[in-house]
C-alpha cells in the first residue's frame, strides 16, 4: 500500500509538472530545432493536434494540448502552439491551465528585468500586454478563463 501511494504521488507530480511550464523552459525552446522541442512535448504527455497544425513554405506551426478538463471533457487543461522557421522554433504560445500558473509566469517575466510597454490592446474581449527584455519579447493575453503567454526572441537588439 505504501508503494502504491508513493507511485501515485510521483505520477501526480509528473502530471502537474508536464502541464505547468516555467518561464526558463519556455525560453529554452526558442531557437531550438523543432524536432527536439516536439519530442520533449510528446515525452511529457502533450498531444499533437494535426488538424490545427501545418507547414507553409519554410514555416511550420503546431498546436498541442495537455490533459482533459474535469468539467468539460472536450476541453484541454493547457495548450501550446509552436511556430518554426526553417526548422527552428522562433515563437511559441503557452495557454496555462489557470490563473495561478499564469501569475507565476507573469511574476517571472517581470523579475527578469523586462520593460513593460505602454501599448495595451483589447481585441475579442482579451487584454494584451507586451514586455521586452534584451533577449526576448513576451506578450501576455488574458481573456475569460484564458491565460496565455507568448515568447519570441528579440531580434531588434
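The values are calculated or read from the model by the stated rules, or taken from the named source; none is laboratory data. Only a predicted model underlies this, so the values are computations on that prediction, with no experimental measurement involved. For neighbour counting, all protein chains shown are included, and Cβ atoms are generated from backbone atoms with ideal geometry for every residue, glycine included.
If you scan segment 19-36, which residues turn out to be touching a strand residue (DSSP E or B) at 6+ places or on another chain (Cβ under 7 Å) and either without any contact (Cβ under 8 Å) to a residue 40 or more places away in the chain or under 17 Å from residue 63 (Cβ atoms) (or both)?
Across segment 19-36, the qualifying residues are 19, 21, 26, 29, 34.
In this structure, is residue 125 over 18 Å from the mean Cα position of the chain (by Cα) and in contact (Cβ under 8 Å) with a residue 12 or more places away in the chain?
yes
Check off (1) modelled with pLDDT of 95 or more; (2) surrounded by 13 or more Cβ atoms within 10 Å (Cβ to Cβ); (3) over 15 Å from residue 25 (Cβ atoms) for residue 109 and give me the number that stays unchecked.
For residue 109, the failing item is (3).
When you go through 119, 55, 151 one by one, which is the residue that is touching a strand residue (DSSP E or B) at 6+ places or on another chain (Cβ under 9 Å), exposed (fewer than 12 other Cβ atoms within 10 Å of the Cβ) and closer than 20 Å to residue 29 by Cβ?
Result of the check over 119, 55, 151: 55.
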